[in-house]
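Structure, as structure tokens:
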Amino acid sequence: MDGAGAVSPAAQWVSVCRIEDIWPDTGVCALVDGRQIAVFRVRDRDGHDRYHAIDNHDPQSQANVLSRGLIGSIGARTVVASPIYKQHYDLTTGECLEDAAHSVRAYAVRVDDDHVWIAV
Amino acid sequence: MKLVVIGNGMVGHSLLEKLCEQSAADFDITVLCEEPRPAYDRVHLSSYFSGSTAEDLSLVKPGFFDQDRLRLKLNTRGVSIDRQARVVVTSDGTRIGYDKLVLATGSYPFVPPVPGRDRPGCLVYRTIEDLEAMTDWGRKSRIGTVIGGGLLGLECAKALTDMGLQTHVVEFAPRLMAVQIDDGGGRVLRAKIEALGVSVHTQKNTLEITDGSGMGVGGRHAMKFADGSQLETDMIVFSAGIRPRDELARNAGLAIGERGGIVIDNHCRTSDPDIYAIGECALWNGRIYGLVAPGYEMARVVAQHLSGGSIEFNGADMSTKLKLMGVDVASIGDAHAATPGARAYVFTDERKQLYKKLVTSPDGQHLLGAVLIGDAGEYGTLLQMMLNDIRLPDAPEFLILPSSDGKARAGIGVDALPGTAQICSCNDVSKDTICSAVEAGSRTVAELKACTKAGSSCGGCVPLMTQILKAELKRQGVAVNNHLCEHFAYSRQELYHLVRVQQIKTFDDLLQRHGRGLGCDICKPTVGSILASCWNQFVLSKRNAPLQDSNDYFLGNIQKDGSYSIVPRIAGGEITPDGLIVLGQVAKKYGLYTKITGGQRIDMFGAQVHQLPQIWRELTDAGFETGHAYGKSIRTVKSCVGSTWCRYGMLDSVSMAIQLEHRYKGLRAPHKLKSGVSGCTRECAEAQSKDFGVIATEKGWNLYVCGNGGMKPRHAELLASDLDDATLVRMIDRFLMFYIRTADRLQRTSVWRDNLEGGLDYLKDVIVHDRLGIGAELEAEMAAIVDVYEDEWKKAIDDPEVAKRFRTFVNSDAGDNNVVFVEERGQIRPATADEKRSRFKGIAVVAA
Ligand code: SRM
Ligand SMILES: Cc1cc2nc3c(=O)[nH]c(=O)nc-3n(C[C@H](O)[C@H](O)[C@H](O)COP(=O)(O)OP(=O)(O)OC[C@H]3O[C@@H](n4cnc5c(N)ncnc54)[C@H](O)[C@@H]3O)c2cc1C
Ligand code: SF4
Ligand code: FES
């Protein structure tokens, strides 16, 4: 349904939770093969939900916290603000708006049968 | 061209920067620097005592000396100049040839030839090494004395008092800062300096320094004065003026002034046209300038001249401001009214310790000079009036008279300044330059500093810069906007009114009607807080939860490793032994680090998200509730023990503190709120540093408001006195609601008050005298919120939907393996990155 990040041919789709496990406009963290992935459910102004996934690790604070940040928009980009030092990460690309050198990985997400799937 | 610069002080370095900016001619520059480090900010040297490091003070931009054309030789002194061969000989014996030579050797502190001046513990104040020596001696001393009561001497005295020394200033002249200010000003200044705890001794001629009676701490030296008196002290700092370092030039046969200083012409050339001198070593027109701005101007002249330009140095303004916190002193132009026919206006207020003087031309139309003591707020404006020869208003006295309530001061607006007016003298930045920078996109003082350098040295020009910035933004129609963020074109106060008036209950509704985009980490928490203050909705309802910062979202404070802290409410700081035992048991069971906070309660650190509900369950079962340490809401009402136990207590401060804390707990506000209740004027609860503080007297409670500790301390002000319990609560209700209605986001009451038009009087009018007639309304709004208080921890764990959210992983019960603790002093603490890396190599760690 909602794409984000690149899906490499070798990518595996993994189901991480049901959509009702994520309240609209919040994030959760999924543990996939020991990797922490922040998954977000963002409601647009028309009431449609979009899903995004990026690393949960915040390179600025070295803590695993991005799923716990506030979601919002900056210009046309949908972002999450790290709860520790408030840098913004683009939910679609993983880019850190304040310092591109500290960007994180973004993952493709789709929703199937009320389940959220991530390509890892 | 081969250029040699001797001295890498403030002025020498400024020359290098200017040459590299121009970069037109290709220079090959050797810089000799006698000190062990390149240029640093001598003007802010004193900040070294308040924690600045040598790195903070450095003036060298990263990578600056990596340029190929620059060669910096540290710890290297120029020892002689061979003008015939055009060679400089250095202390390591190297001979360096030059086409042009610049002397920027600065000056040295003058130490009067008093016998005993070289005893150990007799110091000067010029370099970082000098400061290190002062710090060392400061540790071994109880009493410190500064010889010299000029600008530098006073700065030095303040530094000594800050080091905890009993401090004396000894001055030869009859008053302090004799060069800059007159007798009247000297008296007021003396009182102010004494109020800092410094003893001032004027008209003292030191004859000799010998052994003191105490020998060790408290009287190492005895200073004997010409009038027969003497003073015992442990350390002495000489600050009796400066002398130019002209010895190199003197030995090379260059022209030297009668009382020292290397003679220069308008192009800053010495008597040898291939040698320039700039900064404090140079003598222009019989004058030495002991300030950095004229030196920078000389550097500019030389940089131009070396590249073929021909601007001239035409003297410089010597107006100055003393950089002492809390002691405003400024001197402008002809402060002593030495100009023939000059007229003076003087205003003195001995109670408030104000002294202000204007010196005008004989016809009263132009400003020649000024002295401002106690309040130097008009410094920027007056300086500009003098420098730009702006015509004075008909009654110039109003420029220094205190304005009677409300009326605007008859000063000049920044609009009256010509574009060429030099706003920042340290860095020679004109009003035009600042305006162009604003036009090019600068929106804040910080941005202006970065792109024009204005305000980046002594900082004296910042208030004026700010005014110009505001005026310019307004003129360009770049609304000096108070918009909350890109999503709402409204201030917090406007949004508050929209929410109230239109009965808006959700963020989405507000965004649909008045905003754009999705919102962000600025507007969401702000609106979340407004909704909570207006309607007291549960912050974690499905609609409100996405608006909360992580702290509010998880009802705890996030820590650097992503774990949370837990602070139960301990109202008024009162806790039973059983309560303490429960806290101890819970902390022990979950392995939490415990600490007594600065707010009279106990903080427990190191819980992961999934552990929070279990911990809260145990705490709430034992009768505890959340302390809102995470919220922009009431934190603690600190109390002293009060009349119940204390022999001085007037009223029961503990009961009142507990009552107030329970009344306002959970109330969401623009920023956190702190309070304190003291049982008598000894003020053990520090109520006067709180957003609202209460002090008991014989006649009832006194209410103080808008105090702050923290980043910028501010004493609270007395709002009302002699109140009974009920009236006290009503006054606080009104005060808090009025603040919540009108403050900006993240504006503590102290900052709100400083920005409140009409000040304390207005606040009294609204809160105490109810001039706006909204008292009852404010009280009713507060009552509505107080009535529906519920503990957020309990609500969160009792609601299965909400409780479910407290998981570290949505698809696993594991914890975050990056939260790692090690043991220290018998408790846990977060492991450092290094410790985490070595955890697999067998070093003991406690994993969460
Ligand atoms: C725990 C505590 C330090 C301690 O171990 O003693 C503390 C800890 C924090 N303080 Fe504080 N402050 C603590 C007492 C104070 C005090 C002293 C007091 O309240 O008597 C002050 C100065 C008084 C004042 O606020 O006027 C204080 C002035 C600040 C400030 C500066 C506020 C200001 O406007 O100047 C901040 C930053 C802010 O709020 O923006 C801050 C922020 C913080 C934060 C929230 C920083 C953060 O975002 O992580 C810390 C949270 C740690 C945590 O998880 O609990 N803390 N902080 C104290 C908790 C008291 C309590 O029981 O609630
Ligand atoms: C504590 C303090 C506070 C001050 N506050 C203010 C203020 O508020 N406002 C203001 O305008 N001014 C202030 N000043 C004065 C200001 O610091 C000086 O005007 C400024 O530093 C002069 O710069 P300069 O380059 O001429 O001299 P300096 O900064 O002294 O630099 C000269 C450098 O040359 C080196 N040198 C000397 N001879 C040789 C040699 N033969 N070979 C190699 N190197 C050599 C010296 O070691 C020194 O490093 C203050 C000064 C002090 C000490
Ligand atoms: S003073 Fe700073 S470091 Fe210490 S608790 Fe407060 S905010 Fe944290
Ligand atoms: S006047 Fe000193 S920094 Fe501007």
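Each reported figure results from applying straightforward, stated rules to the coordinates on display, with no laboratory input. None of these values were measured; they are calculated from a predicted model. No Cβ is skipped: glycine too gets one built from the backbone with ideal geometry, and neighbour counts run over all protein chains shown.
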Computed FRET efficiency, Cβ-Cβ of B:Asp415 and B:Lys712, R0 41 Å: what is it to the nearest 0.05?
-> 0.85
Positive end of the charge dipole of the protein assembly as shown (Lys, Arg +1 and Asp, Glu -1 on Cβ, about the Cα centre): tell me which of B:Leu368, B:Gly477, B:Ile575 has its Cα farthest that way.
-> B:Ile575
Here the equivalent ellipsoid of the stretch B:663-716, derived from its Cα gyration tensor, has semi-axes (largest first, whole Å) of 20, 14, 8
Any lysines whose Cα falls less than 19 Å from that of B:Lys449, other than same-chain ones fewer than 8 residues away, would be B:Lys18, B:Lys61, B:Lys431, B:Lys470
Which order, highest average first, do B:509-517, B:170-178 follow once you tally other Cβ atoms within 10 Å for each residue and take the mean per peptide?
-> B:170-178, B:509-517
Quote the FRET efficiency, to the nearest 0.05, computed for B:Tyr108 versus B:Leu580 with a Förster distance R0 of 41 Å and r equal to the Cβ-Cβ distance.
-> 0.10
Partner shielding of A:79-86, as the mean number of partner chain Cβ atoms within 10 Å, equals 4
Globularity ratio of the stretch B:317-412, using Cα Rg and 2.2 N^0.38 Å | 1.02
Summed residue charge, Cβ within 11 Å of B:Ser271's Cβ, Lys/Arg positive, Asp/Glu negative | -1
Sum up the charges of everything whose Cβ sits under 12 Å from the Cβ of B:His44, counting Lys and Arg as +1 and Asp and Glu as -1, but leave B:His44 out.
-> -1
Computed D for the stretch B:1-87, Stokes-Einstein, Kirkwood radius over alpha-carbon pairs, 10 °C, 1.306 mPa s, to the nearest µm² per second, is 113 µm²/s
Debye equation applied to the C-alpha atoms of chain B, log10 I(q)/I(0) at 0.07 Å⁻¹ = -0.75
Computed on Cα atoms, Rg of the stretch B:514-633 relative to 2.2 N^0.38 Å comes out at 1.16
Per residue of A:68-77, what is the mean number of Cβ atoms on other protein chains within 10 angstrom of that residue's Cβ?
-> 6
Kindly express, to the nearest 10 degrees and within the range 0 to 90, the angle between helix B:151-162's C-alpha long axis and the longest C-alpha principal axis of chain B.
-> 40 degrees
Starting at 0 and stepping by 10 Å, how many percent of the alpha carbon pairs of the stretch A:2-119 end up in each bin?
-> 15, 51, 30, 4
Computed about the Cα centre, the charge dipole of the stretch B:654-744 from +1 Lys/Arg and -1 Asp/Glu charges at the Cβ has a magnitude in debye, to the nearest 20, of 380 debye
Quick one: putting +1 on the C-beta of Lys and Arg, -1 on the C-beta of Asp and Glu, what dipole do you get for the stretch A:2-119 around its Cα centre, in Debye to the nearest 20?
-> 160 debye
Cα-Cα pairs above 16 Å in the stretch B:91-181: how many percent?
-> 65 percent
Segment B:Gln537-B:Gln203, extension gain: residue separation times 0.36 nm, minus the distance between their alpha carbons | 113.3 nm
Give the long-range amide H neighbours of B:Ile634: residues separated by 5 or more places, or on another chain, with amide H under 5 Å away, using H modelled in the peptide plane at 1.01 Å from N.
-> B:Gly666, B:Leu667, B:Leu673
Simple SL model, points at 7 angstrom along Cα→Cβ for B:Asn266 and B:Glu777; separation in nm is 6.8 nm
Sorted from largest down, what three extents in whole angstroms do the Cα atoms of the stretch B:7-54 have along their principal axes?
-> 42, 20, 13
Just rank B:Ser678, B:Ser442, fewest to most, by other beta-carbon atoms within 10 angstrom.
-> B:Ser442, B:Ser678
At 37 °C and 0.692 mPa s, what whole-number value in µm²/s does Stokes-Einstein give for the translational diffusion of the protein assembly as shown, with Rh from the Kirkwood sum over Cα pairs?
-> 100 µm²/s
Would you please put B:274-284, B:310-320 in order of how densely packed they are, using the mean number of other Cβ atoms within 10 angstrom per residue and starting with the highest?
-> B:274-284, B:310-320
Semi-axes of the stretch B:238-304's equivalent ellipsoid from the Cα gyration tensor, sqrt of 5 times each eigenvalue, largest first, rounded to whole Å?
-> 18, 16, 9
Would you please give the FRET efficiency between B:Glu312 and A:Gln60, computed as 1/(1 + (r/R0)^6) with r the Cβ-Cβ distance and R0 = 56 Å, to the nearest 0.05?
-> 0.65
Listed pairs B:Lys638/B:Lys672; B:Lys158/B:Lys764; B:Lys595/B:Lys794; B:Lys524/B:Lys836; B:Lys321/B:Lys357 exceeding 26 Å between Cα atoms | B:Lys158/B:Lys764; B:Lys524/B:Lys836
Any chance you could give the angle, 0 to 90 degrees and rounded to 10, that helix B:725-742 forms with the longest Cα principal axis of chain B?
-> 70 degrees
Starting with the highest mean, order B:525-538, B:614-627 by the number of other Cβ atoms within 10 Å, averaged over the residues of each peptide.
-> B:525-538, B:614-627
Taking 0.36 nm per residue of separation and subtracting the Cα-Cα distance, what length does fully extending B:Asp799 through B:Arg119 add?
-> 237.2 nm
What is the dipole size for chain B, taken about its Cα centre, with +1 at each Lys and Arg Cβ and -1 at each Asp and Glu Cβ, in debye to the nearest 20?
-> 940 debye
Would you mind counting up the charge near A:Ile54? Only other residues with Cβ under 9 Å from its Cβ, with Lys and Arg at +1 and Asp and Glu at -1.
-> -1
Amide H contacts under 5 Å for B:Arg745, placed H, 5+ residues apart = B:Arg492
Work out the mean other chain Cβ neighbour count within 10 Å for the residues of B:513-519 and drop it here as an integer.
-> 4
